[in-house]
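Structure first, then comments.
Computed from the coordinates by the stated procedures, all read-outs in this text should not be read as laboratory data. Since the model is a prediction, treat every value here as computed from it, not as a measurement. Here the Cβ positions follow ideal geometry from the backbone for every residue, glycine too, while neighbour counts run over all protein chains shown.
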Amino acid sequence: MPAAPRRLLISVAHPDDETFGMGSTIAHYAAQGIEVHVVCATRGEEGEIASGSDATPETLGDVREAELREAAEIMGVKKVHLLGYRDSGMVPVEEIENPDAFVNANEADLLVKLTRLIRDIRPHVVVTMPPDGGTGHPDHIRINQATTRAFKLAAHPGYMEPGGLVHSPTKLFYKEYPRARMREFIEAVTKGRPEMAEPIRQSGIDKFGVEEDVISTKIDVSDVLETRIKANACHASQGSPFDMIPPEMVPTVLGTDYFTRAIPAWTGGELESDLFVGL
């Protein structure tokens, strides 16, 4: 009898987070036969609409969900799971009044949804966005916090249905962006599009990322760059920031993915080269 496949759960806030942030990792493991699931908290209704897109503010949620599903199919995702919350938008949390916005979601209900998914999917490894959201987006921060709590609750026999099915994933990772890599990305973009230098400076993106010493895991994903680029193109309503990178710099900028192992906590030592090492 063949062994059951190893399973990976990717937990993100919006359509395109799975591709722009973790697309190479998803494609890399799917190509190895890992069963990959993506859970997405919202349909990205508050995103900006790229020039040339047919999406409107009224249709953007439908369009972005379709883009997510198309990209997931290209990357080899087994199933996409939507939590059904509304995109909060890139504004300060205190200004978000919509009760349906993800940042205003009832904490207990959100944890039940995520915990149930973890117990149903039974992943060996869970990956979510970094504690600062990578860009500071409030939805990114919320999905990090909720996924971290649900990861722990899924193994608790007294949570939700006492005596019911529980599951204890082995590892939780945060997808990170080393500051050195962020500088490489900015350099690549401004080399191809010099006019972007000032908007990038104003956005503050150069201040995001972490120092190398918190990175636990460094994965060579250069084997799936072609798949990653095809998946990027699915998110036409948002426009891929990677389209601005000169082709000769793509392997340097996109050829490696970085993570911090949150559970069990990384305490230093030799870097891991695989999320499933030891499993």
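I need a count of the residues in the range 56-74 that are aliphatic (A, V, I, L, M) and farther than 26 Å from E226 by Cα.
Going residue by residue through the range 56-74, those that are aliphatic (A, V, I, L, M) are 60, 63, 66, 68, 71-72, 74.
Still in the list and also farther than 26 Å from E226 by Cα: 60.
Counting residues in the range 56-74 that are aliphatic (A, V, I, L, M) and farther than 26 Å from E226 by Cα gives 1.
Residue-wise test of (1) surrounded by fewer than 24 Cβ atoms within 10 Å (Cβ to Cβ); (2) in contact with a strand residue (DSSP E or B) (Cβ under 9 Å, 6 or more places away or on another chain); (3) closer than 17 Å to I219 by Cα; (4) of a type in the set (V, I, T).
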position: S11; (1), (2), (3), (4): no, yes, no, no
position: E18; (1), (2), (3), (4): no, yes, yes, no
position: T25; (1), (2), (3), (4): no, yes, yes, yes
position: H28; (1), (2), (3), (4): no, yes, yes, no
position: C40; (1), (2), (3), (4): no, yes, no, no
position: E46; (1), (2), (3), (4): yes, yes, no, no
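For the range 136-183, which residues satisfy the criterion of being β-branched (V, I, T) and closer than 20 Å to A105 by Cβ?
I141, I143, T147, T148
Taking the criterion of being at positive phi and of a type outside the set (A, V, I, L, M, F, W, C), would at least one residue in the range 215-225 satisfy it? Within the range 215-225 (the criterion being at positive phi and of a type outside the set (A, V, I, L, M, F, W, C)), the answer is no, since none of the residues qualifies.
Looking at the range 175-276, the helices (runs of 4 or more DSSP H) lying wholly inside it that each contain 2 or more residues that are among the acidic types (D, E) sit at 179-192. Enumerate the pairs (first residue in the range 155-178 and farther than 30 Å from I205 by Cβ; second residue anywhere and outside any strand (DSSP E or B) and of a type in the set (D, E, K, R)) with beta-carbon separation below 6 Å, excluding pairs fewer than 6 apart on the same chain, so at least 6 apart or on different chains. Pairs found: L165/R119; H167/R119; H167/R122. Taken together, E65, E70 contain a single residue that is touching a residue at least 24 places away in the same chain (Cβ under 8 Å), surrounded by fewer than 24 Cβ atoms within 10 Å (Cβ to Cβ), assigned to a helix (DSSP H, G or I) and touching a strand residue (DSSP E or B) at 6+ places or on another chain (Cβ under 8 Å), which is E65. There is at least one residue in the range 74-94 that is outside any strand (DSSP E or B), closer than 30 Å to F276 by Cβ, touching a Ser or Thr at 6+ places or on another chain (Cβ under 7 Å) and in contact (Cβ under 8 Å) with a residue 12 or more places away in the chain.
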